[in-house]
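Following: one structure in structure tokens, then a few remarks.
The values are calculated or read from the model by the stated rules, or taken from the named source; none is laboratory data. What you see is a predicted model; the values in this text were computed from it and never measured. Glycine gets a Cβ as well: all are built from the backbone with ideal geometry, and neighbour counts include every protein chain shown. The area values use the complete protein model at the heavy-atom level, side chains included, leaving out ligands, DNA and RNA. Shrake-Rupley method; radii C 1.70, N 1.55, O 1.52, S 1.80 Å.
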Amino acid sequence: MAAAATPLVGVDRLTRRFGARRGIEDVSFEIAAGEVFGFLGPNGAGKSTTIRLLLGLYRPTSGEMRVFGMDPLREGTRIRARVGYLPGELALYPRLTGAQYLDRFARMRGLTDRSYADRLVSRFRAELDRPVRTLSKGNRQKLGLVLAFMHRPELLILDEPTGGLDPLLQDEFARLIRETVEDGRTVLLSSHELDEVQRLVDRLAIIKEGRIVVTDTVESLRRSAPRTVEFRFDGPVEPARFAGLDGVRVRECIDGQVRLSVTGAVAPLLAVAADLGAVDVTARRADLDELFLSYYRDVPTAEVSDVD
Ligand SMILES: Nc1ncnc2c1ncn2[C@@H]1O[C@H](COP(=O)(O)OP(=O)(O)OP(=O)(O)O)[C@@H](O)[C@H]1O
Ligand SMILES: [Mg+2]
């Protein structure tokens, strides 16, 4: 989606340390109104810390942040009133039932028309009659989603929303996200799995060890992702012929069979293969997973390629 002039969420060099421990370091990104923004990173990367800062639940060590143009530290209450928040670790009073939770949240938010909330309950088949302590992880998550979406907030902040949802409900969740942005609302969601979010989000940031390593659209990340290309030759070939090419990495070279990872233009590679008399070629679509894993591993971001 096109970036609006004033971002709905703006984070600039945000840092939070916990004593000597790293939380997040120099995190910057913006989210435009109407966008679905994915925040990806491995366990302990700093996703939840960033989210809590945005909600005014943590105080930053340094840096700037704005949500709806407001400072979460000074106007956290006003911000939270306009946000639907699904925490990463949903802490619910064990003895309350889902129905009691819905009542409380509706009252707290001054929600009189409950028809949308009721629709969400049936779409997600949320169980309302039992105390939440007796609910399975997935069923608690479903309740958490209903609580986050029920008042149609302008901004949804969802910390690992799809954890524990079965495939059918993941599809339902994907539909709900699409409806939400069609409605002109905005979504920030975190995950540690690319698969879960790549079809949901417009743009994503990858955070690793407290720092953002890349922010881009899914489209353009996919364009820059490595492709796998395999050539077959009549006899053994020298891998060095390929290894010297820009953006080419030799992953396997056994007899006449060569498997390569390729980023960027293929023409120089095809020229070498033709010169060597290739008899067959197969190429696989750009693989976002490979790119993503390369960010997760200890590979410098400029040198995206397969790691053996
Ligand atoms: N309240 C806290 N006190 C001390 N350290 C904290 C606190 N909250 C977060 N941290 C530290 O900050 C870092 C980032 O944690 P955070 O919970 O933000 O990661 P995450 O990306 O949400 O991970 P996960 O995928 O496991 O939820 C970790 O090293 C964590 O130990
Ligand atoms: Mg977390």
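I'd like to know if the range 120-141 contains one or more residues that are in contact with a His (Cβ under 9 Å, 6 or more places away or on another chain) and free of Cβ contacts under 8 Å to residues at least 60 places away in the same chain. Checked against the condition, which is being in contact with a His (Cβ under 9 Å, 6 or more places away or on another chain) and free of Cβ contacts under 8 Å to residues at least 60 places away in the same chain, the range 120-141 yields no hits at all.
For the range 189-213, the candidate set comprises residues that are charged (D, E, K, R) and more than 13 Å from ligand 1 (Cβ to nearest atom); within that set, the residue that is most open to solvent (accessible area, probe 1.4 Å) is R199. Count of the range 157-178 residues, restricted to those that are open to solvent by less than 50 Å² (accessible area, probe 1.4 Å) and away from ligand 2 (no atom under 16 Å from the Cβ), is 8.
In the range 189-242, which strands (runs of 3 or more DSSP E) lie fully inside it and hold 1 or more residues that are within 22 Å of K47 (Cβ to Cβ)?
Once the strands (runs of 3 or more DSSP E) in the range 189-242 are filtered for at least 1 residues that are within 22 Å of K47 (Cβ to Cβ), what remains is 203-208, 211-217.
Strands (runs of 3 or more DSSP E) fully within the range 16-101 that include at least 1 residues being within 16 Å of ligand 2 (Cβ to nearest atom) and under 24 Å from the mean Cα position of the chain (by Cα): 21-31, 36-40, 83-86. Whenever a residue of the range 151-177 is in a strand (DSSP E or B), its partners that are of a type in the set (F, W, Y) and surrounded by 18 or more Cβ atoms within 10 Å (Cβ to Cβ), lying with C-beta atoms within less than 6 angstrom and at least six residues away or across chains, give the pairs I157/Y85.
Please determine whether any residue of the range 119-130 is within 28 Å of R52 (Cα to Cα) and open to solvent by 80 Å² or more (accessible area, probe 1.4 Å). No, because not a single residue in the range 119-130 is within 28 Å of R52 (Cα to Cα) and open to solvent by 80 Å² or more (accessible area, probe 1.4 Å). Kindly check whether there is at least one residue in the range 279-287 that is part of a strand (DSSP E or B) and either open to solvent by less than 30 Å² (accessible area, probe 1.4 Å) or aliphatic (A, V, I, L, M) (or both). Yes, the range 279-287 contains at least one residue that is part of a strand (DSSP E or B) and either open to solvent by less than 30 Å² (accessible area, probe 1.4 Å) or aliphatic (A, V, I, L, M) (or both).
Filtering R175, R223 for residues that are under 30 Å from D12 (Cβ atoms), more than 16 Å from ligand 1 (Cβ to nearest atom) and under 19 Å from the mean Cα position of the chain (by Cα) leaves a single hit, R223. Taking the range 30-46 as the range and being within 16 Å of ligand 1 (Cβ to nearest atom) and open to solvent by less than 10 Å² (accessible area, probe 1.4 Å) as the test, the residues that pass are F37, G38, F39, L40, G41, A45, G46.
All of Y93, Y116 fail the test of being within 23 Å of R175 (Cα to Cα), away from ligand 1 (no atom under 15 Å from the Cβ) and of a type in the set (F, W, Y), apart from Y116.
Condition check ((1) at pLDDT 95 or above; (2) closer than 24 Å to G84 by Cα; (3) outside the structural domain of E30 (by TED's automatic domain parsing)) across all residues:
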| residue | (1), (2), (3) |
| --- | --- |
| R185 | yes, yes, no |
| L189 | yes, yes, no |
| H192 | no, yes, no |
| D195 | no, yes, no |
| D202 | no, yes, no |
| V214 | no, no, no |
| P236 | no, no, yes |
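Taken as a whole, the range 97-114 holds at least one residue that is of a type in the set (S, T, Y) and in contact (Cβ under 8 Å) with a residue 24 or more places away in the chain. Within the range 52-71, one or more residues are of a type in the set (D, E, K, R), within 13 Å of ligand 1 (Cβ to nearest atom) and open to solvent by 10 Å² or more (accessible area, probe 1.4 Å).
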